[in-house]
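Report on the following structure.
The values are calculated or read from the model by the stated rules, or taken from the named source; none is laboratory data. What you are looking at is a predicted structure, and each value in this text was computed from that prediction instead of being measured. Glycine also receives a Cβ, built like all others from the backbone with ideal geometry; neighbour counts cover every protein chain displayed. All accessible areas refer to the heavy atoms of the entire protein, side chains included, with ligands and DNA or RNA removed. Shrake-Rupley method; radii C 1.70, N 1.55, O 1.52, S 1.80 Å.
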Amino acid sequence: MNRYKSLQQFLNPHFEDEVYQLAAITGDASFRRYFRLNRGQDSYIVMDSDPTKLDNTPYIELNKVFSEHGFKLPKILHADEKQGFFLLSDLGNVHLADMLNDKERINHYKHLIKLSAQWAKMPAVEHMKDFDRAFLELELSIFLQWLVEAFLQLQISPAERKLWQTSCELLIANVLAQPRVTVHRDFHSRNIMRSEQQWAIIDYQDAVQGPVCYDLVSLLRDCYYKLPHDELECLLEHAFSEFEQQGLISNISFATFKQWFDLTGIQRHLKAAGIFCRLNLRDGKSGYMDNVLPTLNYISDVAQDHPSLVELGQWINNTIIPATIVALDKASDK
């Protein structure tokens, strides 16, 4: 029996003989599939998360933890953990990404900075991995494996490999120097929703214990939306004050905070650019490839402001970006 029929069998007892409509909706970057179920005036979200491909335990357990601490998440109404089927509350279809032309944009971001600080203060619990050196090395390797070698099919020279290793060491040291907090990991415009006049968070199951600036980077240096420079600077100063007030940071200068933020952003964007290519090559999800060049440009631009990473920025700008443009053009011609 295919999974769709099994999914319907999971749903039928919860709706008895009532008629409902099930429509596929855009999924996330994982193996999960989502559907919107409509029954009369009521609507729900149905998640198909095959346990042979994904461990659903963090999704279930962290839902309880974050909800108990007052965050608005999808409620798990019914679940068949063995098969990986979930009936969830419907938070609607308005994401932060849909509100970025709003005249209240700056205020939206300020509210979300405060929310991210509250999230960061959550105590560590089981199912949260540690964003340690091994984790960082694995994340950074995605860039070389999937973007440079698999997508661009480049052989990097010994000098380039040495540059890469030196740069990775700087990025890892930067992350490990920061206070450890609870990190969502994908706190960006497509995972933040506006539901019933509240901010709601989805895709929380990969939460870790990690660097204090990580979610701020996800929010303010979003791979899917580029804030104007003056707005980003203003919001970064606001975040510095908010994090101080919340007790997340103390006895550090704004310059240090900004360096943490910038270098954490480079680490995150290297990983993201690699993941976009992995989604395309391994999972057949080509829709993320439009985000590769903007993400590489982020890395190149920010690296130029930090002497220790200027050479990395030049390599990205002079070698990786031109090769990516050529590869994307070839892919679009197929």
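Excluding ligands, DNA and RNA, the accessible surface per residue across segment 120-238 is 43 Å² with a 1.4 Å probe.
Surface composition of the chain: carbon and sulfur atoms hold 48% of the protein heavy-atom accessible area at a 1.4 Å probe. Taken over the chain, the alpha-carbon convex hull comes to 156 cubic angstrom per residue.
Applying D = kT/(6 pi eta Rh) to segment 173-317, where Rh is the Kirkwood radius over alpha-carbon pairs, T corresponds to 10 °C and eta to 1.306 mPa s, the Stokes-Einstein value obtained is 98 µm²/s.
With the convex hull built on the Cα atoms of segment 91-152, state its orientation-averaged projected area in nm².
Numbers: hull surface 31.2 nm².
So the Cα hull casts an average projection of 7.8 nm².
When each of the peptides 255-261, 35-41 is scored by the mean number of other C-beta atoms lying within 10 Å of its residues, the order from highest to lowest reads 255-261, 35-41. Mind checking which helices in the chain clear 20 Å along their axis (Cα) and have mean Kyte-Doolittle hydropathy of -1.0 or more, DSSP H runs only? Length and hydropathy pass: 105-120, 158-176, 229-245, 254-281. Highest mean packing first, where packing is the average number of other Cβ atoms within 10 Å per residue, the peptides 139-149, 310-320 line up as 139-149, 310-320.
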